[in-house]
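What follows is a single structure, written as structure tokens, with notes after it.
The values are calculated or read from the model by the stated rules, or taken from the named source; none is laboratory data. All values derive from a computational prediction rather than experimental measurement. Every residue, glycine among them, receives a Cβ derived from its backbone with ideal geometry; neighbour counts consider all protein chains shown. Calculation scope for accessible area: heavy atoms of the full protein, side chains included, ligands and nucleic acids excluded. Shrake-Rupley method; radii C 1.70, N 1.55, O 1.52, S 1.80 Å.
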Amino acid sequence: MHTIIVGAGFWGAVIAERMASVLDAEVTVIDERPHIGGNCHSSLDEETGIECHRYGSHIFHTSNEEVWNYINRFSAFNGYQHKVFTMCRGKVYTMPINLSTIENFYGRHMTPSEAEAFLQGEIARDHIDNPANLEEKAISLIGRPLYEAFIQGYTQKQWEHDPKLLPAYIITRLPFRTSYNANYFADPWQGVPVDGYFKIFERMLDNPRITLRLETSFESVRDSLSADTLVIYTGLPDRLFDYRFGELEWRSLRCEWEVVPVRDWQGTAVMNYADKDVPYTRIHEFKHYHPERTRPMLSPRSVICREYSRTWHRGDEAYYPVNDERNNALYAKYQAEAAKNPNLILGGRLGAYRYWDMDKAIADALATFREKIAPRFGK
Ligand SMILES: Cc1cc2nc3c(=O)[nH]c(=O)nc-3n(C[C@H](O)[C@H](O)[C@H](O)COP(=O)(O)OP(=O)(O)OC[C@H]3O[C@@H](n4cnc5c(N)ncnc54)[C@H](O)[C@@H]3O)c2cc1C
């Protein structure tokens, strides 16, 4: 049996690596893009030597020991701990909202318990017991002033809708920390690969049993496959079935790249922009992910990318699934259709119609390999 894996992102690359190294199976990996790595792809900027994450900032973080041990076989990590700041009305605050954000916003010192009691008072002022939309939900979690400063404009830009018109379920929680902890992630293992994401993928796919074909879409090869080919597909499920039940909705992004003639543009890797009248949602500055790389760090230039959120249209990159009732029900139809074909495995974040961090994608691929693929090969 031959296997074709559609997609050289993390999910497809893990499956290929496991099949080739554990099962000694021959696999062909195709990807329609001209590079491996899927959305985690990175490459060096030629002018500055700065490594840029081409589909938005990617920070590895996990609490899953199996995933951490697995990924460390392909690269060590530099221990980078992500911190996010937000520009709001001309001032910079720590995000997520912590004690420092609260103090700076309200202009006075508070102890943790004072801050908690104070915010409960702010929340109570609006008397929202059953939030009917995203705005009400956010106010019921952090109070109106913090909502209007940090959430309202950002959410409006992210979804291109007034938060009053968005469903409450989009935010399940909006944590505020009554400590000065400014770390974005709580996982014990965090960092960015010291050799770069592109090296991880090169190493994973470096096996004589793996044949790689880039700039090759599934559509361009599907008619030439024999009936017993195992197809492991990490693309859009609706596209696989020619959109026969309708189109799944996604959010997409537009990135505007610039090499700026300054050593340090914003002093941190990611700056959010909360105000509605600033059209982008974030600016990424990539040199900050590798403080250990002296030459790019000291370069008198820096690479930044302004990120704009936008509605996905067919042909755009699909970034965030819109997991509302309609889309989830539509996805279930495609899933049922896929299940009818015993030689088809649907996977990856696109195939699962889920937002997954890298560690979740890797964990799911390892589980799929163990439970669905190895048994087919008698292991
Ligand atoms: C903006 C953004 C920022 C993120 N930041 C982080 C982060 O900081 N930390 C973190 O842990 N995770 C982050 N993630 C999540 C991370 O990108 C995913 O977990 C990861 O990409 C999942 O890998 P995948 O293989 O499932 O999908 P992908 O990486 O999307 O790979 C799928 C591949 O399949 C190919 N493909 C699809 N259809 C076809 C077809 N028909 N023919 C041929 N090829 C096809 C695509 O070209 C693509 O290369 C972020 C995601 C986004 C959108």
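Assorted remarks:
- Test: residue in segment 305-318 that is over 21 Å from residue 151 (Cα atoms), in contact with a helix residue (DSSP H, G or I) (Cβ under 7 Å, 6 or more places away or on another chain), open to solvent by 20 Å² or more (accessible area, probe 1.4 Å) and not assigned by TED's automatic domain parsing to the domain that holds residue 11: no
- Taking segment 93-112 as the range and being farther than 12 Å from residue 83 by Cβ and in contact with a Pro (Cβ under 9 Å, 6 or more places away or on another chain) as the test, the residues that pass are 97, 99, 105, 106.
- Per-region count, segment 126-156, residues open to solvent by less than 20 Å² (accessible area, probe 1.4 Å), under 20 Å from residue 277 (Cα atoms) and out of contact with any helix residue (DSSP H, G or I) (no Cβ under 6 Å at 6 or more places or on another chain): 4
- Residues being under 27 Å from the mean Cα position of the chain (by Cα), farther than 22 Å from residue 144 by Cβ and part of a loop (DSSP other than H, G, I, E, B) - total across segment 72-116: 11
- Residue 15 satisfies every condition listed in (1) in contact with a Gly (Cβ under 9 Å, 6 or more places away or on another chain); (2) assigned to a loop (DSSP other than H, G, I, E, B) except (2).
- Residue check, residue 57 in a loop (DSSP other than H, G, I, E, B), touching a residue at least 60 places away in the same chain (Cβ under 8 Å) and closer than 16 Å to residue 266 by Cα: yes
- The residues in segment 1-42 that are more than 6 Å from the ligand (Cβ to nearest atom), over 16 Å from residue 74 (Cβ atoms) and among the acidic types (Asp, Glu) can be counted, and the count is 2.
- Annotation note: Cβ proximity below 8 Å between a residue of segment 211-228 that is in the same structural domain as residue 17 (by TED's automatic domain parsing) and under 17 Å from residue 26 (Cα atoms) and a residue that is of a type in the set (S, T, N, Q) and within 13 Å of the ligand (Cβ to nearest atom) (sequence gap 6+ or interchain) occurs for 211/28; 212/28; 213/28.
- Exactly one residue out of 71, 97, 50 is within 15 Å of the ligand (Cβ to nearest atom) and either under 18 Å from residue 198 (Cβ atoms) or buried (at least 20 other Cβ atoms within 10 Å of the Cβ) (or both), and it is 71.
- In segment 12-33, the residues that are surrounded by fewer than 20 Cβ atoms within 10 Å (Cβ to Cβ) and farther than 19 Å from residue 236 by Cβ: 21, 22, 23, 24, 26, 28
- Top-ranked residue in segment 260-284 [being among the aliphatic types (A, V, I, L, M) and crowded, with 18+ Cβ neighbours inside 10 Å; ranked as nearest to residue 152 (Cα to Cα)]: 274
- Residues of segment 193-222 that turn out to be under 22 Å from residue 79 (Cβ atoms) and part of a loop (DSSP other than H, G, I, E, B), as a count: 3
- All positions within segment 166-192 that are open to solvent by less than 60 Å² (accessible area, probe 1.4 Å), touching a strand residue (DSSP E or B) at 6+ places or on another chain (Cβ under 6 Å) and outside any loop (DSSP other than H, G, I, E, B): 190, 191
- Set 200, 210: member being of a type in the set (A, V, I, L, M, F, W, C), in contact with a Pro (Cβ under 6 Å, 6 or more places away or on another chain) and under 30 Å from residue 49 (Cβ atoms): 200
- Within segment 347-377, the set of residues being within 11 Å of the ligand (Cβ to nearest atom), touching a Leu at 6+ places or on another chain (Cβ under 9 Å) and open to solvent by 10 Å² or more (accessible area, probe 1.4 Å) comprises 350, 352.
Yes/no per residue for (1) more than 15 Å from the ligand (Cβ to nearest atom); (2) in contact with a helix residue (DSSP H, G or I) (Cβ under 6 Å, 6 or more places away or on another chain); (3) touching a residue at least 60 places away in the same chain (Cβ under 8 Å); (4) at negative phi:
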residue: 231; (1), (2), (3), (4): no, no, yes, yes
residue: 252; (1), (2), (3), (4): no, no, yes, yes
residue: 262; (1), (2), (3), (4): yes, no, no, yes
residue: 267; (1), (2), (3), (4): yes, no, no, no
residue: 287; (1), (2), (3), (4): yes, yes, yes, yes
residue: 294; (1), (2), (3), (4): yes, no, no, yes
